[in-house]
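First comes the structure, then the notes that go with it.
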Amino acid sequence: MYYPYFRGKQFELITIREMAQLMADNDFIPVIEPVRESLNGLKKALKAIEDVGGKAVVIVNPYYGDHHDDGCNITNFLDEEFSDSKDISAGILLRSDMSVDEAVSCFEQHKTHNRVLVHAGFTEPKALAAKLEDYMPELTNIFIDDHSKLLYRKHFSSNKRILIRDGFNRQRNADYPEVEMFSELHATFPELGMDGFGDFLMVGDAYSEGGGPAYAVAIHLTFIDHDNDDVMYIYHFVSDSKDTPTDPAGKFGQALGKLIRKLESGHSGLLETSAIKEFKALHDKGYFPGLGYVKKLSMKHHIETLVDYLN
C-alpha cells in the first residue's frame, strides 16, 4: 500500500534495514534507486527485507548517482544475489530520455524478475502500453506524480497502480517555516483510482550528493492532523545559529531543544514513535550523533507515523 522511495545512500539503506520488519508486517514496499557504486549496503538492506518476508523494488537503470550511465552492475547484482526471489522486483525507470524501444529492451532484459514500471518523465505512454499489452494485467505501475499526470496515467489503467508524490518542499535549512503541509495522499489515493501511494519521505525528490557544511541544522518531522481531514504536516525545527558552518553539534542542540519544547507543550500532534523516544534520549544525554543519523530518525518516524495511521 505504501511505497517509500529511497535513494540508496548510507543512512537510507540503514533505515530500510532497521525498519524491514515493520514494513514487511504492514505491506510497505520500499523503492530503492541505487546511487552508490558499491552495492554492499544495498545487499544488506535487501537481505534484511527478504529475511522477514518483505518486498522491495530496485531501480535497475538509475537516473542519479554512480550507475546513471550504465545499470548493468545492478542487473548482474540482482541476477547473482536474488535470482530466485519473487519479492525483490526490478524497477524499470521510464525517463524522459528513453525511447519506446529502449524501454521495451530494458523490460525484456529483466524477464527473470518481477518487473515494475516506474513512470518518471517518459513521453510515449500510448505506444509503450501497446507494446506491453500482453503483460499489463500482471504489472505494477508506479507513477511519479510530477512526471505522469492524469492523461498519461490513463494508458495504464488495467493493473495495479501506485502514485508517488513529493511532499517535501526543499529549501535552505535556514529558510524553512516552522510547519507546513506535507501531503494528503495517504488519505486520498483511493479517490484517485490508485491501489497505493508513496513519497520521498522528508528527503525529497531533488537529488544532491550532499556533504556541504551546515550553516543551519534542521530536524524534519511529520505528523497527521486528525482534526483537519487527516492531512499530514511537517515540522522544521531549525537552529537559531545560521551564519557560519561551524559547530553542527551546538546547532543540533538548538534544533532539538525546539523539538522537545514542542513535545512538552502537549499539542505537537507528533506520534510517540521509537524515533521520538530516541530524540528525547539524545536530548537527555546532550549527544550529537551526526546529521546522517538525525535524517535516519526522521525517516523512521515518518514510516512509523504512517503505520499508525493506516492501522
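The values are calculated or read from the model by the stated rules, or taken from the named source; none is laboratory data. Values in this document were obtained by computation on a predicted structure and should not be read as measured data. Here the Cβ positions follow ideal geometry from the backbone for every residue, glycine too, while neighbour counts run over all protein chains shown.
Within region 188-209, the set of residues being charged (D, E, K, R), surrounded by fewer than 17 Cβ atoms within 10 Å (Cβ to Cβ) and out of contact with any Lys or Arg (no Cβ under 7 Å at 6 or more places or on another chain) comprises Glu191, Glu209. Any residue at all in region 263-286 that is over 23 Å from Ile144 (Cα atoms), of a type in the set (Val, Ile, Thr), under 17 Å from the mean Cα position of the chain (by Cα) and outside the structural domain of Gly65 (by TED's automatic domain parsing)? Checked against the condition, which is being over 23 Å from Ile144 (Cα atoms), of a type in the set (Val, Ile, Thr), under 17 Å from the mean Cα position of the chain (by Cα) and outside the structural domain of Gly65 (by TED's automatic domain parsing), region 263-286 yields no hits at all. Within region 176-187, restricting attention to residues that are surrounded by fewer than 16 Cβ atoms within 10 Å (Cβ to Cβ) and not aliphatic (A, V, I, L, M), the residue that is farthest from Lys242 (Cα to Cα) is Glu180.
Considering only residues in region 13-26 that are in contact with a Lys or Arg (Cβ under 8 Å, 6 or more places away or on another chain) and touching a residue at least 60 places away in the same chain (Cβ under 8 Å), the one that is surrounded by the fewest Cβ atoms within 10 Å (Cβ to Cβ) turns out to be Glu18. Among the residues of region 197-223, those that are under 13 Å from Gly167 (Cβ atoms) and without any contact (Cβ under 8 Å) to a residue 60 or more places away in the chain comprise Gly204, Ala206.
Would you confirm, using the coordinates I've provided, whether Met194 is more than 14 Å from the chain's Cα centre (by Cα) and either closer than 22 Å to Pro125 by Cα or touching a residue at least 60 places away in the same chain (Cβ under 8 Å) (or both)? So Met194 passes the test. The set of residues from region 147-157 being part of a helix (DSSP H, G or I) and either aromatic (Phe, Trp, Tyr) or crowded, with 16+ Cβ neighbours inside 10 Å (or both) comprises His147, Tyr152, Arg153, His155, Phe156. Search region 58-102 for residues being over 23 Å from the mean Cα position of the chain (by Cα) and small (Gly, Ala, Ser), and hand back the single one that is farthest from Leu13 (Cα to Cα). Result: Ser99.
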